[in-house]
Amino acid sequence: MELNHGDDAPTAKRQKLTNGAAKAQRTPGASRLFAPYRTVGLVSPTSVPFTSVPLGKTTFQITTSVGRSLQTYDLRRGLNLVFITRPQTPEFITASVAWKDRLLAAWGGDAPGSRVGVWVFRRGKKEAELEVPGDWKEKIQCFCIFGSWIIGVGVKRLLVWRSTTLDLYTTLQGISPVPFTSCIVSLPTFLNKIVVGRQDGSAELWNISSGKLVYSILPPSTTYGAVTAIETTPALSLVAIAYEKGPVHIQDIRTDQTVIQLNTSAGTPVTSITFRTDGIGAGDDGQKAGVMATASQHSGDITLWDLNEGGRKAGVLRAAHAHPTASTSGGTSKIEFLHGQAVLVSSGLDNSLKTWIFDETPFSPIPRTLHSRSGHGAPITKLKFLPTSSDGSDDTGKWLMSASKDRSLWGWSLRRDGQSTELSQGALQKKAKKQGLLAAGNRDSLEELKCPPITSMACSLNRDGGIGALPGKHPIWHGAKGKQVSAETSAMTGWESVVTAHENDSKARTWFWGRKRAGRWAFETGDGGNVTSVAMSPCGTFAVIGSEKGGIDMFNLQSGLHRQRFPARLTPMQAKQLKLDMAEHGLEEEDDGKKKFYRGQGKHGSAVVGLAIDSLNKTVLSAGADGKIKFWDFASGLLSHEIDWSGSTDIVGMRSHRGADLAAFACEDGCVRVVDVSTYRLIRELWPSRPAIPELMGARIADFCISSDGHQIAACVDQIILLWDLPTGHLVDAFKLRDICTSLTFSPTGEFLATATVDSVGVDVWSNRSLFMHVPARHITAKELADTVTSDAQAPAASGEGAEALIQPDQDDLEEEDDLDNVDGAAGLDIDQLTSDLLSLSVVPRSRWQNLLHLDLIRQRNRPVDPPKKPEKAPFFLPSLQDRRSNSAATKVDETDATDVDKERSRVLRLTQQGMQSTYTSLLHDARDSSDYAPFIDHLKGLGPAAADIEIRSMQVSTDHEEMLTFVHALTWLLSQRKDFELAQAWMAVFLRIHGDVVLADDALRTAVEEWSDASEQERRRVHRLAGYCSGLVGYLRAARV
């Protein structure tokens, strides 16, 4: 059936098929420019306990849950990350267990009707899936594996699988309606027996093989609450049971008698119990067995018990993990003694995994830290990539700084996770111990030892001394009146390179990036207001801080001294004279209509929301929440110019790009306005859409950033990431995150975009597709933006799953991407030419036409210097193939004339001798008869340099020179098509070099070449005229308000 679309309807471009199936369309709401890469900073952010397994006799592997994936660390390698499971589970992981070389992960959602399942992984890859009953809707809370059984604990039922075949064996359900807790343990030497806890405080003994309830251990009192932890002791038939509101009991299973009762702190129920199995660690000298450790999810402390002589508390490991607070999560999720080792492993809800070793001399029941892997314990509030340093190091784009509500500052390595580290704020544990802040009642005071949460940061590495900056010990965050370092020493080694502003704090603090520690200075605002913004000079010597009261102060990072105030400070006499001048003359107007500002005038009337210093340290740029932008003289502190937007909108943030002399301002009305710093003119107004869509009306820009090349501006509005193309002012990309975005930043190389959300302690990293493939910068319409707002969200994964292969194997894949972005079914343009109005170069490799121009030189250079040498004779017992050849054949070759050899080597001459024509000659004759030169040009473009040179040399020199005339006419036609310009020039240069004498002797041929020259000159003038027009238009747009 044939459909008639009309003469003017565009032809729909056919979509390329891969393996007989159409390529999937781009998901609505997905980014066109950015692809999910990975999530960094996740170690143990969930309440799912870690699981460990011995790997031979040399090391242990510890596995933690990070949401939908499991991460495995190797203990011998210093908790180095070795595996991340793929693919991600459909829902969040609820329980995990390591068994031999496999990992079992149970997953399920809280929403009604959500799926539940159990996956089996091996070396990070999914291997199998355990069978679950069709009516099973409960989340599996924990696992227990022993012998040939795998037991999963649901809310009211137990699932039993065989470990040998992974088949579902049975489902167990007791008569009690009380739900199970996430506590289960197997009993050594008790065949097929397990103990599982319930919410009413009872512990049930089940026979897995027969499926029968053997016995129920009742709590000593009904007020004890639910069972929170169960663990078997090294002594047979003894089990430790912890209750929600009661003590820890060590129960004898055979007699149902309490052997030991240990009282714990009120309000912190024990949720994890472990026993040391190496036979030492207890007693006064540490040579006895009987060490038990307990921990709680409501506290970061780990309590160590000596079970000898009725049991006693041997010691408390204070603040092993962060204590939970109102703003940050904390507590210890699980502890475990490694089998036969004096090593304790602990994981906390503060996103940390630590190992502790008992090797103190003299003996101490309190261990020391062996290894530690951690991240932010609260959602991230600020991100910033480290800028490019002046030493040309290869760390550009590698390091990402992040600040969080947990009062920490981290540096993340995107190349190697083991290099990521937290910037030290001093010996906080030692200071807290001296002040007695490690006790449970002083947890809030312990947090106060850290700096307040960071709200803004600035960095310049040009004076960073690396690990050797200012060697020795120096007090942190003191004033400039403290201990001073000589200028000679600091100039040789460098000084601080990071400045941060903090929440509700009047001081800006400095940091050593190279030494990964806090710096010496705490710069206080001159007017006593809280610091709202910071900036650093490109040289790395000066720091500028802005106050919520409108004041701006500049400090020297080398000495810590105050250097300038904006506006400049007035002496009493200057202030008095200024008042007299104001009363008598007022503000004078200059000739060009600009206001003249006196010394001491121009202070912001509200908070300073943005600061920047130009690349030459001549101008300080500030933006206030009152809608005013001020330009200050760096040296004198005088106000030189002011832009007032207070009548139309307020400013909420500012970002600058020193290389392009541009400053972008996020405004209260949802628009990003861009100002040219050199001309003080507004050059762009970037709106999400015009008219505004209802979904984004009233939404405020939380954060925004400018790309390193100054071509793109990205902003986050609620869950939406918006990307504008600055030269055109178009919104070219928009995509949706899973939660509200709080901060984002571009890498200095433009390779990555990092985002942070309110629900995650990790940093999502996105790859820039435009560095690897062509991405159309098409304007996004209001309808497309509305569809993005209502579409499904996307986000990177910790395992990197879902990251796309950005480097395409061939050109066909690029054509597929073009198909996806083809608007309204319009036919795609020829890849060789964007439009017929432009002069296009060829897509033929440059080496082809460049080698064609210098082919004689290449042949001369490649000519062998010495004649061929006869190979050395092989041993007499190894006859060579040359010896077997007939000497007569060698004689014939020697006697062949040199001219005959050249003729035999030339394929074109052989075809001429046989009365045949080459493809080149046939297409040339066809073009002469039909005036259709396209097939001939396409064939010539496909020839290599040597073949093209031979064909041009081999054109017949007849009386009418028909082949040569047709060749010149074809090149003239190619110029008229405005395509393959450099190829036409190269072919004509070779033609004139070979047949120049023939052209001079023949009038018709000479006329044809003159026509080609006139066409080339005409095209040159047209391109020159267009270039001049574009240059003038750009100059006009740069100087005028648009």
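The values are calculated or read from the model by the stated rules, or taken from the named source; none is laboratory data. Keep in mind it's a predicted model, so treat the numbers as computed, not measured. With ideal geometry, Cβ positions are generated from the backbone for all residues, glycine too; neighbour counts draw on all protein chains shown. These area figures cover heavy atoms from the full protein model, side chains too; ligands, DNA and RNA do not enter into them. Shrake-Rupley method; radii C 1.70, N 1.55, O 1.52, S 1.80 Å.
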| query | Under Stokes-Einstein, with the Kirkwood radius over Cα pairs standing in for Rh, what whole-number D in µm²/s applies to the range 155-229 at 37 °C and 0.692 mPa s? | reply | 253 µm²/s
| task | For the range 726-732, take each phi angle, set θ = phi - 60°, evaluate the Karplus expression 6.51 cos²θ - 1.76 cosθ + 1.60, and give the result in whole Hz per residue in order, putting x for glycine and proline. | result | 5, x, 9, x, 8, 7, 9
| the range 111-167 - convex hull of alpha carbons, volume per residue in Å³ | 102 Å³
| In whole Å, what are the Cα extents of the range 914-973 along the three principal axes, biggest one first? | 25, 25, 18
| remark: Env charge @ HIS604, Cβ radius under 14 Å, K,R +1 / D,E -1, value -2
| request: Evaluate the relative contact order of the range 601-712 (contact order divided by residue number), counting alpha-carbon pairs under 8 angstrom at least 6 apart; express in whole percent. | output: 17 percent
| said: Tell me the accessible surface of GLU962 in square angstrom (1.4 angstrom probe, heavy atoms of protein chains only), to the nearest ten. | reply: 70 Å²
| Amide H within-cut-off set for LEU662, under 5 Å, with H built and near neighbours excluded | HIS657, VAL677
| task | Mind checking the per residue accessible area of the range 662-725 for me, 1.4 Å probe, whole number of Å²? | result | 36 Å²
| message | On a 1.4 Å probe surface of the protein chains, which of ARG700, ARG254 comes out largest in accessible area, and what is the full order? | response | ARG254, ARG700
| said: Check which residues have an amide H placed less than 5 Å from TYR169's amide H, if you skip close sequence neighbours. | reply: VAL160, TRP161, ARG162
| So which of LYS398/LYS736; LYS382/LYS618; LYS156/LYS212 end up more than 20 Å apart, counting from Cα to Cα? | LYS398/LYS736; LYS382/LYS618
| note | Given 33-46, 746-759, 778-791, the highest-first ranking by average Cβ count within 10 Å works out to 33-46, 746-759, 778-791
| request: Quick one: go through the range 525-541 and flag any residue whose amide nitrogen is under 17 Å from the point 7 Å out along the Cα-to-Cβ line of ARG658. | output: 534-541
| query | For the pair MET573 and ASN504, what calculated FRET efficiency results from E = 1/(1 + (r/R0)^6), where r is the Cβ-Cβ distance and R0 = 41 Å, to the nearest 0.05? | reply | 0.65
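Label the range 630-675 by shape, choosing from rounded, prolate and oblate, from the square roots a ≥ b ≥ c of the eigenvalues of the Cα gyration tensor; if a/c is under 1.5 it is rounded, and otherwise prolate applies when a/b is larger than b/c, oblate when it is not.
Numbers: a/c = 2.83, a/b = 1.42, b/c = 1.99.
Oblate, since a/c reaches 1.5 and b/c is not below a/b.
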| Simple label model, 7 Å out from Cα along Cβ direction - LEU616 to LEU682, nm | 2.7 nm
| note | Ignoring ligands and nucleic acids, ARG517 exposes an accessible area, probe 1.4 Å, in Å² to the nearest 10, of 50 Å²
| For ARG463, solvent-accessible area (1.4 Å; no DNA, RNA or ligand), Å² | 70 Å²
| remark: Ordering HIS321, HIS474 by the accessible surface of their heavy atoms, 1.4 Å probe, largest first, yields HIS474, HIS321
| task | Write down, largest first, the equivalent ellipsoid semi-axes of the range 289-335 in whole Å, where each equals the square root of 5 times an eigenvalue of the alpha-carbon gyration tensor. | result | 25, 8, 7
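Using just the alpha carbons, could you tell me how many Å³ per residue the convex hull of the range 632-772 encloses?
Working: hull volume 19.4 nm³, N = 141.
Dividing the Cα hull volume of the range 632-772 by its residues yields 138 Å³.
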| Hey, rough spin-label estimate for GLU784 and HIS474, points 7 angstrom out along Cα→Cβ, what's it come to in nanometres? | 5.1 nm
| field | With every protein chain in place, the range 181-277: carbon and sulfur % of accessible area (1.4 Å) | value | 49 percent
| message | Per residue of the range 761-771, what does 6.51 cos²θ - 1.76 cosθ + 1.60 with θ = phi - 60° give for ³J(HN,Hα)? Whole Hz please, x for Gly and Pro, Karplus curve as stated. | response | 9, x, 10, 8, 10, 10, 8, 8, 5, 5, 7
| Top to bottom by accessible area (1.4 Å), largest first, where do SER272, SER265, SER221 land? | SER265, SER221, SER272
| query | Between THR728 and ARG1038, what length in nm is gained on full extension when 0.36 nm per residue of separation is reduced by their alpha carbon distance? | reply | 110.3 nm
| For the residue pair ASP278 and ALA1004, what label-to-label distance in nm results when each label sits 7 Å from Cα along the Cα-to-beta-carbon direction? | 10.1 nm
